[in-house]
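Data block below; observations after.
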Amino acid sequence: MKTYLLCGTAALVVLMATPAAAELKYKPGEGPFNWANFEDLKKVDLKGETLTIFGPWRGDDEAHVQVVLEYFREATGAEVKYSSSENYEQQAVIDTEAGSPANITILPQPGLLADLAAKGHLVPLTGDDAKFVTDNYGAGASWVALGSFKGKDGASAFYAFPYKADVKSLVWYSPENFKDAGYEIPNTMEELTSLQEKIVADGGKPWCIGLGSGGATGWPATDWVEDIMLRTQPPEVYDKWVTNEAKFDSAEVVAAIETFGSFAKNDALVDGGAAGVASVDFRDSPKGLFSSPPKCYMHRQASFIPSFFPEGTKVGEDADFFYFPAFASKPISAARCWAPARSSPSPRTRKPRAPSSNI
């Protein structure tokens, strides 16, 4: 059995359908939405049919996607069953190899998608789907290229429709804590280094970092390393790393990993010390920003992380972010730092992406 793919961001296997919402969150015809799409979807009669979706979202993220799925249920009459897993990447591969995947699987790793496509496990989308992305997405042609892979027959096709892309290269902080301590947002990596030194001198910890994520443990570290690669090497080196032409033991990659280690392995810089970095779940890691007194002042993570902030936290007030800066001494990499990275499949398929994203 084959499956369709959506590119997405990541996050107990839930084998039963999540209950449908009692009512639609937004009344059809009202608000800043294109309700023509909803009306067109009503022409598709799927009463008695069941659509299965497997993805990474749980907690608040699942609640958000259920809002969207409820409109599909309402319009088509289909039963939609969404399930997730802490080890969803591995589970998606197991289900696919066993011939029992979900109808739609949400995966954020181009390398893993390429592997599944090459084995003939994916159903290609249509030319109309590719045209829709090209016409309606910013840099649409690039998104189509990112979701296109060679199938079992060696022919390239569009398999992965991009959905819920998250922005990475963000450093989250508490404006109130920065103001109270007299800290300013750094514009360069050199200024960021000076800031963390000042925080330590003041008796604080600059960073909260957590790498725990079940079967995907470690992926936040690869995000750090990728950011650092784009800030220390020309874009061509990063592209070679993506295609595995530059190996993980190449000097450029090792240097980026060691630079990440200068943050994460320094007990003075991280809440809980280096041991805490490996043991703390990534979803719990930003909580130190909001304790009193703060356990840390900064947390590097993608735009999805507010879903795991304490309840009632208001982004823009209680929490805000700045761009993980480039080195002033290495301007050659700065232009690439904000770009979505991959235009070709990556052999590194362990970590959730974005969309992250990244994707």
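Couple of notes before you dig in:
- Strands (runs of 3 or more DSSP E) contained in segment 129-182 and holding at least 1 residues within 22 Å of ASN37 (Cα to Cα) and within 18 Å of the chain's Cα centre (by Cα): 160-162
- Residues in segment 296-324 that are basic (Lys, Arg) and within 16 Å of VAL171 (Cβ to Cβ): ARG300 alone.
- Residue-level analysis places SER83 among those that are over 18 Å from ASP166 (Cα atoms) and in contact with a Phe, Trp or Tyr (Cβ under 6 Å, 6 or more places away or on another chain).
- If you filter segment 75-93 down to residues that are under 22 Å from the mean Cα position of the chain (by Cα) and part of a helix (DSSP H, G or I), you find that the one that is surrounded by the most Cβ atoms within 10 Å (Cβ to Cβ) is TYR88.
- The single condition from (1) touching a strand residue (DSSP E or B) at 6+ places or on another chain (Cβ under 6 Å); (2) surrounded by 14 or more Cβ atoms within 10 Å (Cβ to Cβ); (3) modelled with pLDDT of 95 or more that THR18 fails is (3).
- Look at segment 187-214: where a residue is over 16 Å from TYR173 (Cβ atoms) and in the same structural domain as ASN177 (by TED's automatic domain parsing) and a partner is charged (D, E, K, R) and surrounded by 15 or more Cβ atoms within 10 Å (Cβ to Cβ), sitting 6+ places away or on another chain with Cβ atoms under 6 Å, you get GLY214/GLU86.
- When PHE38, PHE54, PHE33, PHE72 are checked against the criterion of being under 20 Å from the mean Cα position of the chain (by Cα) and either more than 24 Å from GLU311 (Cβ to Cβ) or at pLDDT 95 or above (or both), a single residue qualifies: PHE54.
- Restricting segment 149-172 to residues that are hydroxyl-bearing (Ser, Thr, Tyr) and surrounded by fewer than 21 Cβ atoms within 10 Å (Cβ to Cβ), the residue that is nearest to PRO220 (Cα to Cα): TYR163
- Output for segment 187-229, where each listed residue is at pLDDT below 95 and among the hydroxyl-bearing types (Ser, Thr, Tyr): SER213, THR217, THR222
- Some residue of segment 234-241 being closer than 22 Å to ASP115 by Cβ and crowded, with 21+ Cβ neighbours inside 10 Å: yes
- The residues of segment 106-158 that are modelled with pLDDT of 95 or more and of a type in the set (Ser, Thr, Tyr), listed by number, are THR126, THR134, SER148, SER156.
- Residues satisfying the stated conditions in segment 57-74, i.e. buried (at least 18 other Cβ atoms within 10 Å of the Cβ) and of a type in the set (Phe, Trp, Tyr): TRP57, TYR71
- Only a single item in (1) touching a Gly at 6+ places or on another chain (Cβ under 9 Å); (2) closer than 24 Å to LEU269 by Cα; (3) surrounded by fewer than 18 Cβ atoms within 10 Å (Cβ to Cβ) is not met by GLU184, and it is number (1).
- When SER343, SER329, SER307 are checked against the criterion of being at pLDDT below 95, farther than 26 Å from PRO162 by Cα and of a type outside the set (D, E, K, R), SER329 stands alone in meeting it.
- Of the residues making up segment 257-277, just one is closer than 12 Å to VAL200 by Cβ, surrounded by fewer than 18 Cβ atoms within 10 Å (Cβ to Cβ) and aliphatic (A, V, I, L, M), namely ALA268.
- Test: LYS247 is of a type in the set (D, E, K, R) and outside any loop (DSSP other than H, G, I, E, B): no
- Subset of segment 194-221 that is polar (S, T, N, Q) and in contact with a helix residue (DSSP H, G or I) (Cβ under 9 Å, 6 or more places away or on another chain) - its residue that is farthest from VAL277 (Cα to Cα): GLN196
- The single residue among ARG300, ARG283 that is surrounded by 16 or more Cβ atoms within 10 Å (Cβ to Cβ) and modelled with pLDDT under 95 turns out to be ARG283.
The values are calculated or read from the model by the stated rules, or taken from the named source; none is laboratory data. Note that the structure is a prediction, hence the values are computed from the model and not measured. All Cβ positions, glycine included, derive from the backbone under ideal geometry; neighbour counts span all protein chains shown.
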